[in-house]
Amino acid sequence: MSEHLLLAPLLESYFRRRLTKQRNATPATVASYRDALRMLILFAAARLRKKPTALALEDLDRDLVLAFLDELEEKRNNCVATCNARLAAIRSFSTTSLPPTRRPSASPNACCRFPLNGRTSR
């Protein structure tokens, strides 16, 4: 696939257009989503040895997101509810940022062990 969707313009569009204008998200929601995505990007940049500005949407694959959630739980001692809040931000960004032809068709809980209902599969 030769088309690389860089994260920076997608994030800007997501926060300015999607969350703020279309969804009318509260400042607390915007801050929570910003923090979650910032942590994910810093984690991805360190893991992939890339600058955050060089990350593309394709870099944020299933395995990387799962590793990020594991790190939140293990190293930061985040509870399931906090991990679910971070996952909600990641899902919201990824589903609204991917072109419709590239969106996953799997169920929302298919790729991770932190389903939004608060129960883990461990």
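The values are calculated or read from the model by the stated rules, or taken from the named source; none is laboratory data. Predicted, not measured: the structure shown is a model, and the values here were computed from it. No Cβ is skipped: glycine too gets one built from the backbone with ideal geometry, and neighbour counts run over all protein chains shown. We work out accessible area using only protein heavy atoms, side chains counted, and drop any ligands, DNA or RNA first. Shrake-Rupley method; radii C 1.70, N 1.55, O 1.52, S 1.80 Å.
Could we say that residue 86 is open to solvent by 20 Å² or more (accessible area, probe 1.4 Å), closer than 17 Å to residue 10 by Cβ, basic (Lys, Arg) and within 14 Å of the chain's Cα centre (by Cα) here?
The answer is no for residue 86.
Residues checked against (1) of a type outside the set (Gly, Ala, Ser); (2) open to solvent by 80 Å² or more (accessible area, probe 1.4 Å); (3) in contact with a helix residue (DSSP H, G or I) (Cβ under 9 Å, 6 or more places away or on another chain); (4) farther than 16 Å from residue 93 by Cβ:
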position	(1), (2), (3), (4)
15	yes, no, yes, no
24	yes, yes, no, yes
30	yes, no, yes, no
35	yes, no, yes, no
58	yes, no, no, no
62	yes, yes, no, no
67	no, no, yes, yes
81	no, no, no, yes
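List the pairs whose first member sits in the range 75-93 and is under 13 Å from residue 65 (Cα atoms), whose second member is assigned to a loop (DSSP other than H, G, I, E, B) and aromatic (Phe, Trp, Tyr), and whose Cβ atoms are under 6 Å apart, counting only residues at least 6 apart or on separate chains?
83/114; 84/114; 87/114
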